[in-house]
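The values are calculated or read from the model by the stated rules, or taken from the named source; none is laboratory data. These numbers were taken from a predicted model, which means no experiment stands behind them. FYI the Cβ positions are ideal-geometry reconstructions off the backbone, even for glycines, and counts take in every protein chain you see. Quick note on the areas: whole protein, heavy atoms, side chains included, nothing else; ligands and nucleic acids left out. Shrake-Rupley method; radii C 1.70, N 1.55, O 1.52, S 1.80 Å.
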Amino acid sequence: VNIGGSSVSANRAIKRETAIAFTNIDQDEISDKYTTEDMPQLLDDVPGLFSSTTGMGDAEITMRGFEADKIQVLINGIPVNDPESQKVYWSNWTGLTSNVKSVQVQKGAGSSLYGSGAFGGSLNIETMGATQHSETVIRASYAGYTTEGDVANGEGQIESYYPFNYNIIGRYNSGALYGGKFNYSLMAERKYGDYYIEGTNYRGWSFGFDTQTVLAGHKISTSLLGAPQEHNQV
């Protein structure tokens, strides 16, 4: 008797197979929206999910009325919630938004497979990954805010405040090499600017490096992310 192979995924819901409400967001959707936002702000179109921020790197998220400590966040299947507060501090993951391949948002207690941290729902994020097609991409975004009158600068002085922010991203995908056995991707981003609130300046870099190796029908993937930065809260 021949028995066919099977595929088991404990982290991702499947349409018409998994009894839970979920939304999938692919890389193209994220890339179309992304300028300098943190990951939660790119998910605002998902029903039941809300985000807010006081500056780059300081985003907050709620889902169906539940605060961040009831929302489990996984990156490539690994939980990244703080073990004490159960929250995710998005300032630690600022480089994530320019390295995302896909996001699945699961809503409600049905995703309690992930434990008590997922009572309100979960975010399952996959990083950009390598691709079989060779390409080079360079993109830039710029935005500014207009304020009325002068503002306090936090140092006992009043001054005019015209904040702006920008980012520049470069990405290279090698495409399939060595007969389709190996490929890699490189990404670098410069993000700089101020938010509409005085004292929320951000200066940072993001880096990404992914490889994929095919050995006898098996795929071995590696992913390295980094985001050195400095920023302030109001």
When you look at Ser31, is it at pLDDT 80 or above, hydroxyl-bearing (Ser, Thr, Tyr), closer than 27 Å to Gly204 by Cα and buried (at least 19 other Cβ atoms within 10 Å of the Cβ), yes or no? no
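For (1) closer than 25 Å to Glu230 by Cβ; (2) under 14 Å from the mean Cα position of the chain (by Cα), each residue gets a yes or a no:
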| site | (1), (2) |
| --- | --- |
| Glu29 | no, yes |
| Gly48 | no, no |
| Ser51 | yes, yes |
| Glu67 | no, no |
| Val73 | yes, yes |
| Ser85 | yes, no |
| Ser102 | no, yes |
I need a count of the residues in the stretch 128-167 that are closer than 20 Å to Lys101 by Cα, of a type in the set (Ser, Thr, Tyr) and modelled with pLDDT under 85. 1
What's the total number of residues in the stretch 132-152 that are open to solvent by 80 Å² or more (accessible area, probe 1.4 Å) and under 22 Å from Ser221 (Cα atoms)? 5
In this structure, is Tyr202 touching an Asp or Glu at 6+ places or on another chain (Cβ under 8 Å) and over 20 Å from Glu135 (Cβ atoms)? yes
Take the residues in the stretch 52-78 that are aliphatic (A, V, I, L, M) and assigned to a strand (DSSP E or B), then tell me which one is most open to solvent (accessible area, probe 1.4 Å). Ile78
Are any residues in the stretch 180-215 farther than 19 Å from Thr35 by Cα, polar (S, T, N, Q) and in contact (Cβ under 8 Å) with a residue 60 or more places away in the chain, and if so, which ones? Thr211, Gln212
